[in-house]
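Shown next, in structure tokens, is the structure this report addresses.
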């Protein structure tokens, strides 16, 4: 079996597409994170947990922290975007979520190439990451 | 020049060992008032993660593996938040490097996809276990793991071009092979892998550990891809880095949804590590990597022992 004729020094189309989306997502997420952090720390938007209080919270475990500050876990932060601290989650969510879009974007390319196994693997990965992102998996101390 | 670098390394070592614990009056695990201004710890975090980023590059390790043991050992943050932040630190490093490595065809998407599916699924399980177990159990396990990583770093050999006489059936069916040009010699190198089932099984363990401790898993990815599966070192390192962007994503979501993300910790850490990595890449040309690698191993070992003692309540 000789696979060499199929090989190229250049990355495959689906790999390049994945890279382009990942790059854009990374830049958007990072810029978003820096801007929202500046808004938060310069006090342009009032935080839910004041900056002075945060340093009293980070030494306790997450369950106690959420309970003491009355913060709901999961995607509840979407309903708290009027606060300076919670807007930072937009950038973090973009950084953590961009891979899902990368996987979904390469599926049509893989289908076009009749690469059935990788279509299934890419869809499975997108499902796994979406389940993780959904917050359906709840654990605690 | 070598003396200058040794001073840098020693300075970092001394800072971590003596300055941080002296400042961290608050023992992790209990909520007590911190007398410092709100910006104090984020600023220290920015400085330490910047230095960490420099040494991560020079020492050939990922930011996450340095971040979790050092920050949890010497800073007043609870391990829950350190692990959440550690995953985001490792994730951001992978996101920054991933696109370039994919475009250069050094990271292989075909190799990464099946591996990532297993590792990311197991990382979710690891994160769930890590968040469900008592903190002291995690501290002890983290300490043991970090010491194990030190042993691995000291003993694991690397093979630039492993000998793969024949690709196994699974990797052939998945068409996991490729070609790349060695930059230093211009040589075109065909590569293929073997022992794929064994390699995939090992990624179950790697995924669980990455999720449980919030460590990036480059320290384990590279030996498995390179020594077990037989991918060339460059392909292994690049694919491992890209792989973290997927493995750590799944675990990061679990930690984020649980509430283990405090922006005042995350943003300075991300910025510090990223800026430090940029400086580290420039210093790589003139630095003495062997000495720095030894120092990184020494710091990690110390942080591992510290985590063990902390977990045991000593």
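Rank these for me by crowding, B:253, B:191, A:75, going from fewest to most other beta carbons within 10 Å.
On the way: B:253 27, B:191 22, A:75 14.
Placing the least packed residue first, the sequence is A:75, B:191, B:253.
Only helical DSSP H runs with n ≥ 4 go in: add -39500 (n - 2.57) per run for chain B, normalise by residue count and round the 222 nm mean residue ellipticity to 500 deg cm²/dmol.
-23500 deg cm²/dmol
Provide a whole-number value for the mean count of partner chain Cβ atoms within 10 Å of the Cβ atoms in peptide B:206-218. Write down the numbers at each step before the final one.
Working: counts 0, 0, 0, 0, 0, 1, 0, 0, 0, 0, 0, 0, 0.
For peptide B:206-218, the averaged partner shielding equals 0.
Mind jotting down the distance between the C-alpha centroids of the range A:51-118 and the range B:231-291, whole Å?
Computed from Cα coordinates, the inter-centre distance equals 18 Å.
To the nearest 10 degrees, how steep is helix B:2-14 against the longest Cα principal axis of chain B, on a 0 to 90 scale?
50
Relative contact order for chain B using alpha-carbon pairs under 8 Å, separation at least 6, rounded to a whole percent? Could the numbers behind the result be given before it?
Numbers: 520 pairs, mean separation 116.5, N = 314.
Worked out over chain B, it gives 37 percent.
Can you figure out the FRET efficiency of residue B:152 with residue A:34, using R₀ = 30 Å and their beta-carbon distance, to the nearest 0.05? Provide the component values of the computation, followed by the final result.
On the way: r = 35 Å, r/R0 = 1.17.
For R0 = 30 Å, the calculated efficiency reads 0.30.
Which order results if B:269, A:73 are arranged by neighbouring Cβ count within 10 Å, fewest first?
In increasing order of surrounding Cβ atoms, one gets A:73, B:269.
Give me the inter-chain shielding for B:89-102: mean count of other chain Cβ atoms within 10 Å, whole number please.
Mean shielding count: 5.
Relative to the longest principal axis of chain B, what angle (0 to 90°, nearest 10) does the C-alpha long axis of helix B:109-132 take?
With rounding to tens, the tilt is 30 degrees.
Per-residue mean of other chain beta-carbon atoms within 10 angstrom of the beta-carbon, peptide A:18-24?
6
Could the peptides A:43-50, B:144-151 be put in order, highest first, of the mean number of other beta-carbon atoms found within 10 Å of their residues?
B:144-151, A:43-50
Rounded, prolate or oblate: which one fits the range B:169-278, using the alpha carbon gyration tensor with axes a ≥ b ≥ c (rounded when a/c is under 1.5, else prolate when a/b beats b/c, else oblate)?
Oblate, because a/c is 1.5 or more while a/b does not exceed b/c.
Multiply the residue separation of residue B:47 and residue B:129 by 0.36 nm, subtract the distance between their alpha-carbon atoms, and state the gained length in nm to one decimal.
Full-extension gain reported as 26.4 nm.
Express the relative contact order of the range A:13-134 as a whole percentage, based on alpha carbon pairs under 8 Å and six or more residues apart in sequence.
37
Going by average Cβ neighbours within 10 Å, how do the peptides A:14-23, A:76-85, B:112-121 rank, with the highest at the top? Show your work: numbers first, answer last.
Working: A:14-23: 21.0, A:76-85: 15.9, B:112-121: 25.4.
Descending mean neighbour count gives B:112-121, A:14-23, A:76-85.
Return A:57, A:102 ranked ascending by Cβ neighbour count within 10 Å, so the fewest neighbours appear first.
Taking fewest neighbouring Cβ atoms as first place, the list is A:57, A:102.
Can you tell me the orientation of helix A:88-112 relative to chain A, as the angle in degrees between its alpha-carbon axis and the longest Cα principal axis, to the nearest 10?
Once rounded, the angle reads 20 degrees.
Throughout, read-outs are computed from the coordinates displayed, never taken from laboratory work. These figures come from a predicted structure and were not determined experimentally. No Cβ is skipped: glycine too gets one built from the backbone with ideal geometry, and neighbour counts run over all protein chains shown.
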